[in-house]
Amino acid sequence: MATADNKISLPYIDRSKVVRLFWLIAISGALGGFAAGYDTGVIGDAINVISIKLTTEEIGLTASGLLLGALFSSIIAGQISDILGRKWILVFDAIIFTLMPILLALATFNFATFMAWRVIEGFALGMDNVLAGIFIGEMVPTGKRNKYIATQQLMTVIGAFLSFWIGYALTFSLDWRLMFALGAIPAAIILIIRFRIPESPRWLISANKPEKAKSVIKNSFKVDIIDEEFDNLYKAIKKEVNHEGTWKDVFSKDMRKYAFIAIIIGLFVQFSGINTFIFYSPEIFVHLGYSKINAAFTSGWSTGLAELWPVFLAEFLLINRMGTKKAFLMGAAGMFTSMIVSSVFLLELHGTALGTATIVLIFLFLFFFEAGYGVALWAFSPEIFPTNIRGRGTSLFMTADSLAGFIVTGTFPTMLSRIGLAYTMDIYGIITIIAFVFMLIFMPNRKNKPLLEGNESIE
């Protein structure tokens, strides 16, 4: 059961009788993405018909409140999960995902209460974003790691797709409270499923619970591990824990380069402008002259479908073949082209032609984001940081992602009203081509390579 270089990692098996367990781990870990996808998808329709009076700036803040909460929690998620365990943080997040839609529906009276519930839900989302990739990456086979981790993005776009159509259906009655409340149903299902998943054996050993770790290995992974093998595994993991890294180690001479890359890539992911389509798709079509009902319908089928099918393609056909670096590069090139062409169309076309061209370019932009960035981002940080600083490194990446997402989501309504959609797309397009060059030069290629162990570095 020893892996290459005599290092021992979990899981060290890939047999058909535990494939269902791997999928349960992947789906349950990634279901926070479903809750996040539902919330981010429904907010555009809810804001479009909300009865609470909000200024343009307040609309941007409430929409981005989810990302503000994530910003606070992303930086501490890794350390908290090291103390309390992977499973129970995921359970805690599911509880928050269940409660907040109810409070949004029943206890939203003004901007302050609206913002508060969004920020609290975002806090759980930030924890989930950091932990899902770590948890799944630790528990599934190396060769199929990217496919399983990609489930996070698949769940996100399924949640968003569902929310677009619920938002459309409820736009007729202007029932924005019910739009939020329905999000509690899938969240409660997520909570039930997460109670069933096993705790990470690696964490159980690190927390001095060897008997529970052995039980998970035997009963969940179906490995009849002998005492000598388990003792070797125990010693290897405890050695790693004793060398657990600090923030100083994340920014040490050997890892400083990769910490910098993680921050910049995290910023670039959101500065692509993806949240303008996810959060404000109905608002964009209203801006183009559609009625609120037609805007909700058009955003439902165009944005929803454009997000959904490329993730299936990427998860099952592309990500393991391409690796994260090529996926990021493909995404950046496609999004840049889509943004610049859409800007030209927005300036030159009018009426039906403009609406049709916008829908086509939204399809193209979201295809390249979801097939490239959307799937690869979940595998990226677990790949480039070794075990002893993986939690902190992933937290760093997701914090940068949340910060950029908060800025983009919070400023888009103001940019839309002041400089227009075309020039806003130009700004995102320029940032995206800069991202392409940065990724091409600096991003390491970890395709089909095992997660780094101990104090091991990429080079």
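All of the numbers you see were taken from the coordinates with simple rules; none came from a lab. Treat the numbers as computed from the prediction; the structure is a model and nothing was measured. Neighbour counts are summed over all protein chains in view; Cβ atoms, including those assigned to glycine, are modelled from backbone coordinates with ideal geometry.
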Original post:
In segment 199-224, how many residues are surrounded by fewer than 20 Cβ atoms within 10 Å (Cβ to Cβ), in a loop (DSSP other than H, G, I, E, B), touching a helix residue (DSSP H, G or I) at 6+ places or on another chain (Cβ under 7 Å) and polar (S, T, N, Q)?
Top reply: 1
**OP:** Of the conditions (1) surrounded by 15 or more Cβ atoms within 10 Å (Cβ to Cβ); (2) more than 18 Å from Phe34 (Cα to Cα), Leu191 clears all except one; give me its number.
**Re:** (2)
Subject >> Residue that is in contact (Cβ under 8 Å) with a residue 12 or more places away in the chain, in a helix (DSSP H, G or I) and either more than 20 Å from Ser200 (Cα to Cα) or among the aliphatic types (A, V, I, L, M) (or both), where the choices are Leu174, Leu125 >> reply: Leu125
Subject >> Residue among Leu364, Leu347 that alone is surrounded by fewer than 19 Cβ atoms within 10 Å (Cβ to Cβ), under 26 Å from Thr56 (Cβ atoms) and touching a residue at least 12 places away in the same chain (Cβ under 8 Å) >> reply: Leu347
Original post:
Cβ-Cβ below 6 Å, separation at least six or inter-chain, first residue in segment 179-203 and closer than 30 Å to Lys238 by Cα, second among the hydroxyl-bearing types (Ser, Thr, Tyr) and part of a helix (DSSP H, G or I): which pairs?
Top reply: Ile193/Ser28; Arg194/Ser28; Ile197/Ser28
Subject >> Selected residue (criterion: farthest from Ser302 (Cα to Cα)) from residues of segment 247-282 that are in contact (Cβ under 8 Å) with a residue 12 or more places away in the chain and outside any helix (DSSP H, G or I) >> reply: Asp254
